[in-house]
Amino acid sequence: MKIDSKETLMSIREEALSRIAAYDCRILVCSGTGCIATGSQKIYEKFSEIAANTPGVTVEFGPHGSDAHVGVKKTGCQGVCELGPLVRIQKGDDVIQYTKVQLDDCQEIFDNSVLKDGIVDRLLYTKGGKSYKGPDDIPFIAKQTRVVLKNCGKFDAESLEEYIASGGFMALSKAMFEMGPDAVVNEVDKSGIRGRGGGGFPAGKKWKQVARQPEKIRYVVCNGDEGDPGAFMDGSVMEGDPYRLIEGMMLAAYAVGSSDGYIYVRAEYPMSVARLRHAISVLEEAGLLGDNILGTDFSFRLHINRGAGAFVCGEGSALTASIEGNRGMPRTKPPRTVEKGLWEKPTVLNNVETYANIPEIILKGADWYRSIGTEGSPGTKTFSLTGSIENTGLIEVPMGTTLREIIFDIGGGLKEGAPFKAVQIGGPSGGCLTEKHLDVPLDFDSVKKFGAIVGSGGLVVMDQNTCMVEVARFFMSFTQRESCGKCTPCREGTKRMLEILERIVAGNGEMEDIDRLQELGTMVRSMALCGLGKSAPLPVLSTLREFKDEYIEHIRDKKCAAKVCTKLRTFVINPDLCQGCTKCARNCPVNAISGEKKKPHTIDPKKCIKCGTCKDNCKFDAIYIEA
């Protein structure tokens, strides 16, 4: 059915709400990338098969008399990623959250929780001996404030009908029939929303600059090139609520007078691409993309471009160059993207999360949005919580939430109660925050004071078993490899920094290397061409500032207290535990272990290549790494 007017849209919304309410039970299977990787697609198929073959159950909507009307739906990310596959059983407002669901559990869940009102207790989320029934009961989810992720896990990610039922396209309707382009721009500007891609530039200011350009051909571009290791916020939105992203882009296009939009998605996100393509196709068929949207003179078409995995294409001018078919490399500024962006035309360029906020801002108003977060950084922020943390997954919290709240209240603390050491924030272009920063509000301005950036929202939590010198080397290796090479400071500076770090972790560092790293990092940060180059040294500079003693230990003492750096490890056999089984000697690739059978063995440190094979093969735990 064509949705060619505001009245038709409202009618379809009422019908969709009625159809959803008619379900006796909805089986919501998480179909985010994480759960798909652990088998949720097969679980979806299994539930569909069980429902279709159960007498007295109707799967498709329609007259069903006394039959139970059961829907099996694929949702976006349900949040608690490490406990997947995740399944929710929804009966009206009553929801059960099941974790680690396997194929053999499907029939039991169906019999007990779908056909009856029972609960399969062993599949509930359990913490500290306490089980939690519903998703909103789980501390990990209950302590969040979901705006961008409000639909993820609750609705069929591929269904336009269900998106409309959730309030979808009400913001677009309000903008077009009650506000007008200038009012939309002003409302976004008044909300104070800042770009969620890393730079934190005010979105409304950017939109105003595009809207006032004399050139009338303008573009709206979405940066979905989420390249930070461990980050999956934008990918989860594209997978779990693609229509929300598209509506946000349509609002931007309406506000600035654009008729064409582009979504740039990294090739490593095939599901995001598939869901977006499906959503675009459905919207075109429904008349919500194309000419004369909702019967007005507003027309908008949307295109998808797949990136080839270049980290630098997360930078605006490199991204637009890639869309144009050129090599993705930043350019000098000015002119800026708002003046001459895609094909030299004025361009609104924001990331996925930024656009996904816009429908709520238009619907509920700028004052509502500013009531969340801080004065300088209103709204919420999504983070991917990974590393040495009990609850890894996708979270959304108000700007200004502290690290302590995120790590210990939402994340459940560190694994096995390990002492907290640091958190890498902002990905490879970010920096390290330590214990003294646990109560610092996480917003754009506060974090910057400590030599870090919020970035796109990656949070990698590290415990005392982490070597901070190796962390710096790892991230510098990533950024150096991903440097486009256009400017000398980034191309050569990051390479020299990486060489120094590699020397240090190999035990060949010199005390002068600390000053060299500081000097090079400062130079790259001040002279690199683009934002990615300027932020590349942050992991090194922040670890030098907070963990200088570890650098000194690696250089002067040739020791790695965390026992991480391979070249600085010394393997020793405890004679009191060694049983002389000879397994370590037989597996040593360089014959560095000697000793008689049934008597304690020894390792020759001159021959040992520190591979750890002996330790891996010792079943008596007699081999340890000397501190």
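The values are calculated or read from the model by the stated rules, or taken from the named source; none is laboratory data. If you're wondering where the values come from, they're calculated on a predicted model, not measured in any experiment. Every residue, glycine among them, receives a Cβ derived from its backbone with ideal geometry; neighbour counts consider all protein chains shown.
Condition check: on the phi < 0 side of the Ramachandran plot and in contact (Cβ under 8 Å) with a residue 60 or more places away in the chain. Does LEU103 satisfy that?
Working: on the phi < 0 side of the Ramachandran plot: yes; in contact (Cβ under 8 Å) with a residue 60 or more places away in the chain: yes.
Spelling it out, LEU103 is indeed on the phi < 0 side of the Ramachandran plot and in contact (Cβ under 8 Å) with a residue 60 or more places away in the chain.
Based on what the data block shows, is THR494 crowded, with 20+ Cβ neighbours inside 10 Å, at pLDDT below 95, touching a Ser or Thr at 6+ places or on another chain (Cβ under 7 Å) and in a helix (DSSP H, G or I)?
Considered against the rule, which asks whether it is crowded, with 20+ Cβ neighbours inside 10 Å, at pLDDT below 95, touching a Ser or Thr at 6+ places or on another chain (Cβ under 7 Å) and in a helix (DSSP H, G or I), THR494 comes out as no.
From SER259, SER236, which residue is free of Cβ contacts under 8 Å to residues at least 60 places away in the same chain and of a type in the set (Gly, Ala, Ser)?
From the options SER259, SER236, the qualifying one is SER259.
Within the stretch 424-439, count every residue that is surrounded by fewer than 23 Cβ atoms within 10 Å (Cβ to Cβ) and free of Cβ contacts under 8 Å to residues at least 60 places away in the same chain.
Let us first name the residues in the stretch 424-439 that are surrounded by fewer than 23 Cβ atoms within 10 Å (Cβ to Cβ), namely 434-439.
Next, only the ones that are free of Cβ contacts under 8 Å to residues at least 60 places away in the same chain stay: 435-439.
Counting residues in the stretch 424-439 that are surrounded by fewer than 23 Cβ atoms within 10 Å (Cβ to Cβ) and free of Cβ contacts under 8 Å to residues at least 60 places away in the same chain gives 5.
Have a look at SER173, SER131, SER113 and point out the one that is more than 27 Å from TYR369 (Cβ to Cβ) and assigned to a helix (DSSP H, G or I).
SER113
Only residues that are crowded, with 20+ Cβ neighbours inside 10 Å and at pLDDT below 95: list them for the stretch 76-113, please.
GLY76, CYS77, GLN78, GLY79, VAL80, CYS81, LEU83, GLY84
Evaluate the stretch 69-86: report whether one residue or more is of a type in the set (D, E, K, R), without any contact (Cβ under 8 Å) to a residue 60 or more places away in the chain and closer than 29 Å to SER384 by Cβ. Talk me through it step by step, then tell me what you get.
Filtering the stretch 69-86 down to residues of a type in the set (D, E, K, R) leaves 73-74, 82.
Next, only the ones that are without any contact (Cβ under 8 Å) to a residue 60 or more places away in the chain stay: none.
No, the stretch 69-86 contains no residue that is of a type in the set (D, E, K, R), without any contact (Cβ under 8 Å) to a residue 60 or more places away in the chain and closer than 29 Å to SER384 by Cβ.
Of all residues being closer than 19 Å to GLN464 by Cβ and touching a Gly at 6+ places or on another chain (Cβ under 7 Å) in the stretch 552-596, which is modelled with the lowest pLDDT? Just the residue, please.
Selected residue: LEU568.
Each row is one residue, and each column tells you yes or no for (1) in contact with a Pro (Cβ under 9 Å, 6 or more places away or on another chain); (2) within 19 Å of SER477 (Cβ to Cβ); (3) among the charged types (D, E, K, R); (4) surrounded by 15 or more Cβ atoms within 10 Å (Cβ to Cβ).
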{"position": "VAL524", "(1), (2), (3), (4)": "yes, yes, no, yes"}
{"position": "LEU544", "(1), (2), (3), (4)": "no, yes, no, yes"}
{"position": "PRO575", "(1), (2), (3), (4)": "yes, no, no, no"}
{"position": "CYS584", "(1), (2), (3), (4)": "no, no, no, yes"}
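Considering only residues that are within 20 Å of HIS278 (Cα to Cα) and charged (D, E, K, R), look in the stretch 220-250 and name the one that is surrounded by the fewest Cβ atoms within 10 Å (Cβ to Cβ).
Out of the qualifying residues, it is GLU247.
For the condition touching a Gly at 6+ places or on another chain (Cβ under 9 Å) and buried (at least 20 other Cβ atoms within 10 Å of the Cβ), what is the one hit in ALA356, ALA366?
Only one candidate passes the filter, namely ALA356.
Any idea how many residues of the stretch 521-537 are modelled with pLDDT of 90 or more, of a type in the set (A, V, I, L, M, F, W, C) and either more than 19 Å from GLY314 (Cα to Cα) or in a helix (DSSP H, G or I) (or both)?
Qualifying residue count for the region: 3.
Any residue at all in the stretch 432-443 that's among the charged types (D, E, K, R), under 27 Å from LYS127 (Cβ atoms) and outside the structural domain of SER542 (by TED's automatic domain parsing)?
Checked against the condition, which is being among the charged types (D, E, K, R), under 27 Å from LYS127 (Cβ atoms) and outside the structural domain of SER542 (by TED's automatic domain parsing), the stretch 432-443 yields at least one hit.
Taking GLU360 as the residue in question, decide whether it is among the charged types (D, E, K, R) and part of a loop (DSSP other than H, G, I, E, B).
no
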